[in-house]
Ligand SMILES: *Cc1c(COP(=O)(O)O)cnc(C)c1O
């Protein structure tokens, strides 16, 4: 080898990830039509925007119920003693919670606000699973009085609960949250007590020894968007082991195992390649993994099984309709040198940020928190017989980071065209942020196909109502 050897240069020649990079090289490989979404539950999206305004969150009651029934069937057919709690933080719109409650779901809450919201919706304390790393004393007092199932997160919380239950007449059912290694990285060690170090066993011993407490549940929530069904089998096996240890050492059989949430929805993370149908295991595979472990136990030793599924149940039932408000960017590259080849032009057109055509839409990142992790699909409302090209979608906020999609293949669009962003039903409404503008209306299409308002668009008073102006600033 000569001294002049230069190693091959690793450039970003291929642009983005493999398959789309190939399409970047060849406009015609993109096909000529994009997937469109004309309507939701039979109602044209254009009609919804006309009636309720834009942007607009849309939920399908039919799709929520279908998903709930599918999940319930997958588990109950394999393990009848399964129950479900709706993870409020995933979406706590009253109408959404009520659909789950009507389907038999109890409430799973993680804060004082969520606890109070569940009570306001008529959920009895005994039908509330109370999670979260910080439960303020005032709400713990209420939850204990109302006999909610508190799933204890840490020693300080246990000490406080011990103090608060001293004088209660009947022992209180409690759970403990446990963290463990189910093969998923990162391990969520922020929450609960460590199983592997023996800490969870020590907490259990202390609870079992307290005549005012009954250890009702061993709980774990190993993460979210878990693509590996076997991880749930491992988690179940580890909790069964802890339960057995508690039975043998302290003669207490814990009645319930709660495996939390974490089942994926049909979305794909940034950087993942392939369609969700290929990447996301069916819910039945998760049910197999968990119930196989429990069904090995002798009948009389089988625990009640509980889940607190969020994302999987609601993500696809939620849509965000948004309108194109401006067409921006140059469709032709700015050429500076005279020596550009045709290929250079094309390269610039496809990959160059400045050269990329872009659209400004009326929904931004303040409504699409999950867009930071997931590739949210964008569907025009009608087919255009024109080649697709990679474009950028900007939100309406006066902030450079307000980009809904950095690169997405779309046909040419005009101002006024309606786009549907999907799936967005999980977390986006609850995490949406009020910043410089009003949060949009939310509708639910009922099972008769009638769209109903479930949260009106905000007005000024919703935003500045809590403000107070000191007297000397009033003039
Ligand atoms: C957020 C959360 C859930 C729901 O998680 P998903 O991944 O949306 O299913 C369940 N349990 C606990 C304790 C949570 O914090």
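Read the figures in this text as sums done on the coordinates, not as results from a lab. The structure presented is a predicted model; accordingly, all values stated were derived computationally and were not measured. We place every Cβ from the backbone using ideal geometry, glycine too, and count neighbours over all the protein chains shown.
Helix 61-76 sits at what angle to the longest principal axis of the chain, using alpha carbons and giving 0 to 90 degrees rounded to 10?
50
Which angle between 0 and 90 degrees, to the nearest 10, do you get for helix 229-250 versus the longest principal axis of the chain when only C-alpha atoms count?
With both axes taken from Cα atoms, the answer is about 20 degrees.
So how far apart, in nm, are the two label points at residue 301 and residue 73 if each is 7 Å from Cα heading toward Cβ?
So the two model labels end up 3.3 nm from each other.
Give the order of 450, 404 when sorted by the count of other beta carbons within 10 angstrom, beginning with the fewest.
Ascending Cβ contact count within 10 Å gives the list 450, 404.
Let me make sure I get this right: for region 94-217, a, b and c are the square roots of the gyration tensor eigenvalues over alpha carbons, sorted descending. Under 1.5 in a/c it's rounded, otherwise prolate if a/b > b/c, else oblate. Which is it?
It is oblate, given that a/c is not under 1.5 and a/b is not larger than b/c.
Just order 427-436, 451-460 by mean Cβ neighbour count inside 10 Å, highest at the front, would you?
Packing order, densest peptide first, comes out as 427-436, 451-460.
In degrees from 0 to 90, rounded to the nearest 10, what is the angle of the helix 283-295 Cα long axis to the longest principal axis of the chain?
20
Sorting 344, 315, 464, 288 on the 10 Å Cβ count, fewest up front, what's the list?
With the sparsest Cβ surroundings first, the list reads 464, 344, 288, 315.
State the three equivalent ellipsoid semi-axes of region 92-309, derived from the C-alpha gyration tensor as the square roots of 5 times its eigenvalues, in descending order and whole Å.
28, 22, 16
Can you give the log10 of the normalised intensity I(q)/I(0) at q = 0.06, 0.09, 0.13 Å⁻¹, computed with Debye over equal Cα scatterers of the chain?
With no solvent term, the Cα-only Debye profile gives -0.35, -0.72, -1.20.
When 87, 265, 407 are ordered from fewest to most other Cβ atoms inside 10 Å of their Cβ, what list results?
Lowest count first: 407, 265, 87.
Which of rounded, prolate, oblate describes region 222-278, given a ≥ b ≥ c as roots of the alpha-carbon gyration tensor eigenvalues and a/c under 1.5 marking rounded, otherwise prolate only if a/b is larger than b/c?
The shape class here is prolate.
To the nearest 0.05, what FRET efficiency results for residue 206 and residue 438 with a Förster distance of 41 Å applied to their C-beta separation?
The pair residue 206/residue 438 has a calculated efficiency of 0.25.
Take residue 385 and residue 145, extend 7 Å from each Cα along the Cα→Cβ direction, and tell me the distance between the two endpoints in nm.
Taking the simple label geometry, residue 385 and residue 145 are separated by 7.0 nm.
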